[in-house]
Amino acid sequence: MEHLSNADTGGGQEDYQSQQKSKRSLEFNGLPDGGEKLVTALSQSNCDGLLEINLEFAQGVEDEHILLIAEKVHSLKKLNLNACQKVTDAGICAVASANPNLESFSIYWNLKVTDSGVEHLVRACPHLSELNLSGCKSVTDKTLYMVADHCSNIRSLNLTRCLKLTDEGLIKLLTSCENLTELYLYAIPNFTDKAYEKFSNTPRLKLLDVCGAQFLSDVGLAGIAECTLLESLNLTWCVRVTDIGLKALAQHCVFLESLSLHGLLGVTDDGIEELSKSCKDTLHTLDVNGCVNIKRRSKDELLQLFPLLTTFVVHT
């Protein structure tokens, strides 16, 4: 990967910086022949200093391509393998071992990834701060234990639809990873208040998605409310939540900017009015669709309580 001078680019500092950025990253997002394009790019370039490869939704990507990355590249900080469904633990292990400075790894919608692959990843890459395992339905609590033990500084973790996870794994994660700022637990039905109460251990959390948390009650929401820096909270279809839990949010979470209460029958006008006392100057997104016991829920009525609202639908 040759170094270019300003004179070489012929376009000044802006063009120079743009070309240098392109040489630090490879982009194959959505390409129908992404695997072949990757092989060509890696064979034609000096890969020293390559920081990012994006293969999201690229077709034709298999372990042999990830093994080639491991052979050619040793400086990656970000790797996106989202929807590369033929990649297995073998590919993950190889690329992680070759790139110990990896900071961001994403491989959602992959049923071949198991705890074994994730364990090798987090052991090999101690600087990992962003991990997306959304839809990796084979992972279990062991993955959460490994993340907790080896990536205690992780900031963003997406576990959407990882259906084998239980309270034990989540408790281990929450009591070990106090630097979490984003956590996605969308459509994971197994967690209970026993785990949700432990959110008091994640004081830096700013975004939490627990859509569909069928066992989350006001008790667990009180624990979540102790994350006083929360800016975005998705409580869609958390059907056990009532005004009591909402009032706990109002008392502690004064920085909320986005909140979905979609489908909650236990929330009434009283809860919304209590929330407006603390969040009227911050909340710009509020979804109360399906909250039939909030009688004053037209846009005009909500704007009277939250004048900064611009978005009224989160869940569709």
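The values are calculated or read from the model by the stated rules, or taken from the named source; none is laboratory data. For clarity, every value in this text was computed on a predicted model and none was experimentally measured. A quick note on method: Cβ atoms are made from the backbone with ideal geometry, for glycine too, and the neighbour counts reach across all protein chains shown. Surface areas here come from the heavy atoms of the whole protein model, side chains and all, with no ligands, DNA or RNA. Shrake-Rupley method; radii C 1.70, N 1.55, O 1.52, S 1.80 Å.
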Qualifying residue in segment 147-168 (condition: open to solvent by less than 60 Å² (accessible area, probe 1.4 Å), more than 22 Å from residue 315 (Cβ to Cβ) and not assigned by the TED database to the domain that holds residue 29): yes
Selection count, segment 117-142, where residues are part of a helix (DSSP H, G or I) and more than 21 Å from residue 77 (Cα to Cα): 2
In segment 76-92, the residues that are more than 17 Å from the chain's Cα centre (by Cα) and open to solvent by less than 30 Å² (accessible area, probe 1.4 Å): 76, 84, 87, 89, 91, 92
Any pair with Cβ under 9 angstrom, 6 or more apart, that starts in segment 57-76 at a residue that is in the same structural domain as residue 35 (by the TED database) and over 13 Å from residue 90 (Cα atoms) and ends at one that is β-branched (Val, Ile, Thr) and part of a loop (DSSP other than H, G, I, E, B): 61/87
Selected residue (criterion: farthest from residue 308 (Cα to Cα)) from residues of segment 252-282 that are in contact with a strand residue (DSSP E or B) (Cβ under 7 Å, 6 or more places away or on another chain) and assigned to a loop (DSSP other than H, G, I, E, B): 267
Filter result for residue 302 (closer than 21 Å to residue 208 by Cβ, modelled with pLDDT of 95 or more and open to solvent by less than 10 Å² (accessible area, probe 1.4 Å)): no
Test: residue 306 is of a type in the set (Phe, Trp, Tyr) and more than 16 Å from residue 228 (Cβ to Cβ): yes
Given (1) touching a Gly at 6+ places or on another chain (Cβ under 6 Å); (2) part of a loop (DSSP other than H, G, I, E, B), index of the condition residue 189 fails: (1)
Residue count for segment 203-229, restricted to those that are part of a loop (DSSP other than H, G, I, E, B) and closer than 25 Å to residue 137 by Cα: 8
